[in-house]
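Trainee: What follows is a single structure, and I will ask about it in a moment.
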Amino acid sequence: MKEIRLKIKNRFLKRYNKGYPLILKEAVQNIDNLKEEGQIIQLVDDKNRFIAKGYYGLQNKGCGWVLTSNEKEKINDTFFHKRLLKAISFRGKFYSDENTTAFRVFNGEGDGIGGFTIDYFDGYYLINWYSKGIYRFKDYVIDILKNLSDCKGIYEKRRFDAQGKFINEDSFVWGEEAPEPLIVKENGVNFAIYLNEGAMVGVFLDQREVRKKIRDKYARGKNVLNTFSYTGAFSIFAAIGGAKKTTSVDLANRSIPKTIEHFSLNGIDYETQDIIVEDVFHYFKYAQKKQLKFDLVILDPPSFAKSKKIRFSAAKDYKDLLKSTINITEKEGIIVASTNCASFDMKKFKGFIEKAFEEMGKKYEILEEYRLPQDFRTIKEFKEGNYLKVVFIKVKK
Ligand code: SAH
């Protein structure tokens with residue numbers, strides 16, 4: 001395939017020379033040269049000097065990814081093979097851990113090829129494709145996975161279409177179909193995974209270390225509130241860690257059967273726990289009116305949420321969410337504040353925390369901080385790739 005030359009605007013040169021991997025529309029002079037997703041791009045300066053090579057692929061952010069700064073390197077099966085095997089060998093300690101059988105094997109640009117990720121679920125590989133451009137290379141990736149000795153089956157999710165929406169269709173690609181549910185382990189705890197049920201498979205692997213810490217250090221004897229609880233993963237870890245009781249709140253009806261399933265899979269009687277389908281913002285008002293107080297509150301909202309009454313954006317509204325949380329947290333209680341919003345950094349997130357406590361006239365202490373775990377590999381040239389920010393906050397008087 002012919003390589004298309006794109007001129008980088010002068011004010012963006014420094015960034016790309018330093019290894020910034022995302023190709024931004026606004027950084028390119030002759031964007032109209034791009035015709036077909038999957039085309040190989042050469043980034044050059046205004047004197048046509050080579051900077052880097054990448055591919056054209058439209059995602060919600062950017063129009064492609066840099067793949068190499070070596071002009072001679074070819075983007076072919078060997079290229080994909082090398083990067084994938086390197087990523088797999090980097091996860092050696094995950095593959096050999098019998099207590100954790102679900103982890104990320106390939107994390108896009110963090111592993112040298114932006115636009116797709118691969119997760120491992122006890123012998124099954126799930127690929128997420130984020131653009132038509134990268135999907136053009138799918139056979140390279142699938143061929144490599146097929147040949148891994150432990151690969152039982154391959155699934156994929158195409159997170160793009162003409163409108164950039166998720167395509168909800170059968171996602172089985174190759175091999176043996178996984179049982180439904182597929183039971184995996186995370187630090188000894190069982191999770192039910194559904195590889196063929198839409199975009200979300202049942203658990204967010206990036207919170208592994210946070211769940212473990214809650215179980216091992218913060219849950220014992222505590223009255224725990226888990227908001228935006230999805231399938232109850234945090235509640236399960238808290239219950240196993242000896243919580244007095246957990247209350248899970250999520251807007252989606254599916255959260256009841258899914259959370260019950262997770263409790264049951266781990267030998268916990270779900271009837272001793274509360275699972276509530278409700279708008280979290282509404283639940284906060286109710287809890288305040290009833291003067292309910294919790295020792296440990298887990299806050300893990302989506303970056304954007306829309307319900308009948310409420311429109312939530314983490315970047316705008318996290319501070320207010322924290323203020324409502326402070327209202328229903330016991331003195332000396334703990335708030336686990338988490339966000340996966342890539343549009344602000346840890347410093348700004350801590351700014352929201354500071355403001356929320358200041359406006360409530362309360363003091364606090366930060367006890368722990370978490371970012372993405374090791375298998376969600378990131379690179380320093382792309383800070384926004386390390387999107388996860390979790391802060392354990394102790395509420396003081
Ligand atoms: N904390 C979860 C993941 C949260 S995913 C975990 O670690 O597994 C986001 C969840 O927020 C979804 O399950 C969605 O149904 C829920 N949600 C979105 N808006 C909501 C709202 N206003 N009130 C309650 N839940 C909401």
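The values are calculated or read from the model by the stated rules, or taken from the named source; none is laboratory data. Bear in mind the structure is a predicted one, so any value in this text is a computation, not a measurement. As a convention, Cβ positions derive from the backbone with ideal geometry for all residues, glycine included, and neighbour counts pool all protein chains shown. In case anyone asks, the SASA skips ligands and DNA or RNA and just uses the protein heavy atoms, side chains included. Shrake-Rupley method; radii C 1.70, N 1.55, O 1.52, S 1.80 Å.
Trainee: How much FRET efficiency would the formula 1/(1 + (r/R0)^6) give for LYS394 and LYS2, where r is the Cβ-Cβ distance and R0 is 41 Å, rounded to 0.05?
Mentor: Efficiency for this residue pair is about 0.10.
Trainee: Right, another one. Using Cα pairs closer than 8 Å and at least 6 residues apart in sequence, work out the relative contact order for the chain, in percent.
Mentor: This gives 11 percent for the chain.
Trainee: Sticking with this one: With 29 Å as the limit, write out which pairs from LYS61/LYS396; LYS18/LYS185; LYS2/LYS132; LYS245/LYS394; LYS245/LYS396; LYS74/LYS380 have Cα-Cα distances beyond it, or answer none.
Mentor: Exceeds cut-off: LYS61/LYS396; LYS18/LYS185.
Trainee: Given a Förster distance of 41 Å, report the FRET efficiency between LYS138 and ASP216 from their Cβ-Cβ distance, rounded to the nearest 0.05.
Mentor: 0.55
Trainee: Given 0.36 nm per residue, what is the gain on full extension from THR272 to ASP77 after removing their alpha carbon distance, in nm?
Mentor: Gain in length upon complete extension: 64.9 nm.
Trainee: Under the Karplus relation 6.51 cos²θ - 1.76 cosθ + 1.60, θ = phi - 60°, what is the ordered set of whole-Hz ³J(HN,Hα) values for the stretch 369-383, x standing for Gly and Pro?
Mentor: 9, 10, 10, 4, x, 4, 5, 8, 5, 10, 10, 5, 6, 9, 4
Trainee: In nm, to one decimal, how far is the modelled label at ILE366 from the one at VAL173, with both set 7 Å along Cα→Cβ?
Mentor: If labels sit at ILE366 and VAL173, their model points lie 3.8 nm apart.
Trainee: Okay, next question. Residue by residue through the stretch 138-149, which ³J(HN,Hα) values in whole Hz follow from phi under the Karplus form 6.51 cos²θ - 1.76 cosθ + 1.60 (θ = phi - 60°), with glycine and proline marked x?
Mentor: Karplus values, whole Hz, x for Gly and Pro: 4, 4, 4, 5, 5, 4, 5, 5, 3, 8, 6, 5.
Trainee: Compute the FRET efficiency between SER69 and LYS331 as 1/(1 + (r/R0)^6), taking r as their Cβ-Cβ distance and R0 = 51 Å, and round to the nearest 0.05.
Mentor: FRET efficiency, SER69 to LYS331: 0.40.
Trainee: Further, regarding this structure: What residues qualify as long-range amide H neighbours of LEU67, i.e. H under 5 Å apart, gap of 5 or more or another chain, H built at 1.01 Å from N?
Mentor: When sequence neighbours closer than 5 places are left aside, the close amide H contacts are LYS53, GLY54, TYR55.
Trainee: With a 1.4 Å probe and every protein chain left in place, work out the accessible area per residue of the chain in Å², rounded to a whole number.
Mentor: Accessible area per residue: 47 Å².
Trainee: Now, a different point. Measure off 7 Å from each Cα along the Cα-to-Cβ vector at SER343 and ASP122, then give the distance between these two points in nanometres to one decimal.
Mentor: 3.8 nm
Trainee: While we're on this one: Compute the distance in nm between two label points, each set 7 Å from the Cα along the Cα-to-Cβ direction, one at ARG254 and one at ARG311.
Mentor: So the two model labels end up 2.5 nm from each other.
Trainee: With a 10 Å radius around each residue's Cβ, average the other Cβ atoms per peptide and rank 64-76, 247-259, highest first.
Mentor: Order by mean packing, descending: 247-259, 64-76.
Trainee: Quick check: the distance between the Cα centres of the stretch 165-227 and the stretch 333-367, to the nearest angstrom?
Mentor: 26 Å
Trainee: Would you mind calculating the gained length between LYS14 and LYS289 on full extension (0.36 nm times residue separation, minus the Cα-Cα distance), in nm to one decimal?
Mentor: Result: 93.5 nm gained on full extension.
Trainee: Under the 0.36 nm per residue contour assumption, what length would be gained going from the current alpha-carbon distance of ARG49 and LYS25 to full extension?
Mentor: Net length gain for the segment: 6.7 nm.
Trainee: Tabulate in residue order the Karplus-calculated ³J(HN,Hα) for the stretch 112-125, using 6.51 cos²θ - 1.76 cosθ + 1.60 with θ = phi - 60°, rounded to whole Hz; enter x for Gly and Pro.
Mentor: Result, rounded to whole Hz: x, 9, x, x, 8, 10, 10, 10, 10, 10, 6, x, 9, 10.
Trainee: Do you know the relative contact order of the stretch 263-388, to the nearest whole percent, from alpha carbon pairs under 8 angstrom that are 6+ apart?
Mentor: 24 percent.
Trainee: I would also like to ask the following. Taking Cα pairs under 8 Å and at least six residues apart, what relative contact order does the stretch 4-68 come out at, in percent?
Mentor: Once divided by the residue count of the stretch 4-68, the mean separation gives 37 percent.
Trainee: Starting with the highest mean, order 185-195, 222-232 by the number of other Cβ atoms within 10 Å, averaged over the residues of each peptide.
Mentor: Ranking the peptides 185-195, 222-232 by packing returns 222-232, 185-195.
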